[in-house]
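Notes follow the structure.
What follows draws every value from the coordinates through simple rules; no lab data is involved. Nothing here was measured: the structure is a model prediction, and the numbers come from that model. Cβ: placed from backbone, ideal geometry, glycine included. Neighbour counts: every protein chain shown.
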Amino acid sequence: MKIIKLEEIKNLSNDELFNYFKNVVVIPTETVYGLAARIDNEEALKNIYKIKGRPSDNPLIVHVSSYEMLVNYIEGEVPVEYRKLIDKFWPGPLSLLFKAKNTISKVVRGNMETSVVIRMPKNKDLRNLIERLGVPLAAPSANKSGKPSPTEISHILDDLKNEVDIFIDDGRCTKGLESTIFGIVDSKYVLLRPGSITKEQIEEVLETQIEVKIKADLKDKILCPGQKYKHYSPNHPLYIFKGDSWFINMENERLNNEKKIVGLLKRGDINLNIDNYIVYDLGSDLETCAINLFDGIINLDKKCDIIFVKEFEENDLGLAIMDRLNKAATKII
Ligand code: TXA
Ligand code: MG
């Protein structure tokens with residue numbers, strides 16, 4: 001097992017770099033760490049599913065280094081709406097749903113008929129690495145399936161060190177939540193996963209409202225298979241407290257769990273007495289809370305028997321934060 005800094009990758013010879021990507025590699029992105037394989041390496045792609053314990057029908061996001069690379073892998077033209085979004089948000093945490101060329105392995109597509117989700121990551125050194133490989137990298141988040149996503153190498157080292165040889169490290173991810181997934185489905189604009197690029201930001205560029213379909217509706221065709229599965233769950237229970245009486249309810253739950261060590265994911269704006277909790281301070285603004293969210297959950301999970309958090313308002317970045325918390329929660333009070 002080897003940890004190498006992202007900025008040192010440029011010092012590797014091509015032989016060394018190509019050797020690394022004979023198998024699965026942990027890569028840093030601005031959103032979360034990914035478990036990556038070249039999209040032309042079937043064995044490594046299959047290994048991603050095996051290492052994560054990922055259901056085989058849950059497709060992987062493809063990471064490209066340039067617009068030229070993107071157009072090589074998609075069927076037809078890039079829709080004009082996507083071009084506007086790409087101009088504004090790429091490179092960055094926005095993934096788009098495209099019609100895939102059938103040369104893209106079924107393993108990447110999770111056996112989905114013809115679609116593929118593609119993004120261009122922000123980290124310049126990562127894009128240079130992909131450019132040198134000459135082929136996109138498919139990468140889901142580097143956590144074991146169902147667990148919180150990693151925003152630092154330390155979050156996954158114990159889980160993966162026996163299964164992955166190369167970890168590329170770039171410190172704490174600068175966004176901290178997975179990319180937003182947006183698609184045009186049956187001519188409708190659909191938000192498939194909320195992320196660091198907000199619904200409001202997309203609507204501003206497209207000058208129209210978009211639909212939100214971020215929960216699996218079993219009556220409907222599932223557009224984004226990841227929605228069906230359990231996500232972000234810490235080992236210990238996590239409770240979300242809502243509404244005006246949230247603090248009284250939280251104190252009652254703390255007293256009900258008297259023998260337990262209770263953790264609190266705190267936002268900067270709470271000024272009530274929280275001396276009885278092990279506190280992880282998420283920060284005061286939404287961007288900082290997003291960056292720290294998974295680190296907070298993972299940290300409190302190690303120290304506490306139960307984790308409490310106050311709800312966030314579900315707009316702007318709050319929509320993505322609450323999406324992750326709702327999926328992590330065992331109880332909403
Ligand atoms: O920020 C991110 O997007 C990170 C980093 C590593 O880039 N990746 C990530 O991948 O979050 P993952 O596997 O944890 O989430 C991918 C989501 C899943 O919910 C999957 O179902 C959906 O994207 N997805 C991938 N390809 C799809 C496709 N062809 N059609 C519909 N949904 C797709
Ligand atoms: Mg994931």
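Annotations
- For region 1-43, the alpha carbon convex hull comes to 93 Å³ per residue, rounded to a whole number.
- Positive-end residue of His236, Leu191, Thr208, charge dipole of region 191-262 with Cβ unit charges: His236
- Measuring r between the beta carbons of Ile333 and Ser284 and using R0 = 25 Å, the FRET efficiency lands at 0.60.
- The tail of the calculated P(r) for the chain, taken as Cα-Cα distances beyond 37 Å, holds 17 percent of the pairs.
- Size check on region 5-95: the Cα extents along the three principal axes, sorted descending, read 38, 36, 24 Å.
- Lys, Arg +1 and Asp, Glu -1 on Cβ, resulting dipole of region 258-333 about Cα centre, debye, nearest 20: 460 debye
- Within region 197-333, the proportion of Cα pairs with more than 19 Å between them is 55 percent.
- Estimated inter-spin distance, Met1 and Lys259, nm [label 7 Å along Cα→Cβ]: 3.4 nm
- Spacing of the two label points (7 Å from each Cα toward its C-beta) at Asp125 and Ser56, in nm: 3.7 nm
- Multiplying the residue separation of Lys10 and Asn72 by 0.36 nm and removing their Cα-Cα distance gives an extension gain of 19.8 nm.
- In the chain, taking the dipole from charged Cβ atoms about the Cα centre, the farthest positive-side position among Val71, Ile261, Met1 is held by Met1.
- For the peptides 100-109, 199-208, residues were scored by their other Cβ atoms within 10 Å and the scores averaged per peptide; the highest-first order is 100-109, 199-208.
- For the listed peptides 276-284, 14-22, 166-174, a ranking on the average number of other beta carbons within 10 Å per residue, highest first, reads 166-174, 276-284, 14-22.
- Between Glu204 and Arg132, the contour length at 0.36 nm per residue exceeds the alpha carbon distance by 22.4 nm.
- Computed over the chain, the per-residue total of -39500 (n - 2.57) for DSSP H runs of n ≥ 4 gives a 222 nm mean residue ellipticity of -8500 deg cm²/dmol, rounded to 500.
- Among Ile291, Ile321, Ile214: highest mean-square fluctuation, GNM of the chain, C-alpha pairs under 10 Å: Ile214
- In terms of overall dimensions, region 1-159 has a Cα radius of gyration and Dmax of 14.9, 44 angstrom.
- Selected from Val164, Val185, Val78 as most flexible by GNM, with the chain as the system and alpha-carbon contacts under 10 Å: Val185
- Cα-based radius of gyration of region 97-213 once divided by 2.2 N^0.38 Å, which approximates compact folds: 1.21
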